[in-house]
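See below for the structure under consideration.
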Amino acid sequence: QVSPGLRTPRLPVWLCSLSGRHSVLFGTDSRLLSDWKAERTFHLYFYSGQQEQTQTAHLKIDTHSHHWEEAQREGPCSPGRRRPALEMAIRTKWAGATVSWNGTDPFF
């Protein structure tokens, strides 16, 4: 039998498989589980456990950004428009969100 704490987590946690590697994406704000208003601007943390990642990445997610204001000059497949797999995974939950990596190099 699964304990209630595992069925209903107190903090948001997502297990990810990005580019064949397993990782965890989590938040420290429990309001993300129950209050849609908390989903406007919030922070998530990402840890892959891979040797090349020396510290947990601290991400700022903005779901009300103006994504249409991005430069339209580049084609969708050009190198300047490529997005890391983690950002694309986040956008499966929050479509159109912008992700700020807070000084960490994005993982491709």
For a quick check of your reading: which strands (runs of 3 or more DSSP E) sit entirely within region 1-52 and have at least 2 residues that are open to solvent by 60 Å² or more (accessible area, probe 1.4 Å) and within 24 Å of Gly96 (Cβ to Cβ)?
13-18, 41-47
Candidate set: region 53-64, residues that are open to solvent by 80 Å² or more (accessible area, probe 1.4 Å) and not polar (S, T, N, Q); chosen: the one nearest to Asn102 (Cα to Cα):
Lys60
Neighbours by Cβ (under 9 Å, 6+ apart or cross-chain): first from region 80-97, among the aromatic types (Phe, Trp, Tyr) and in a helix (DSSP H, G or I); second surrounded by fewer than 12 Cβ atoms within 10 Å (Cβ to Cβ) and at pLDDT below 90
none
When region 34-84 is checked residue by residue, the ones that are among the hydrophobic types (A, V, I, L, M, F, W, C) and modelled with pLDDT of 90 or more are Ala38, Phe42, Leu44, Phe46, Ala57, Leu59, Ile61
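The values are calculated or read from the model by the stated rules, or taken from the named source; none is laboratory data. Just so it is clear, the structure is predicted and the values come from calculations on it, not from any experiment. Note that each Cβ is placed from the backbone with ideal geometry, even for glycine, and that neighbours are counted across all protein chains shown. Just so you know, the surface numbers come from the protein's heavy atoms only, side chains and all, with ligands and any DNA or RNA stripped out. Shrake-Rupley method; radii C 1.70, N 1.55, O 1.52, S 1.80 Å.
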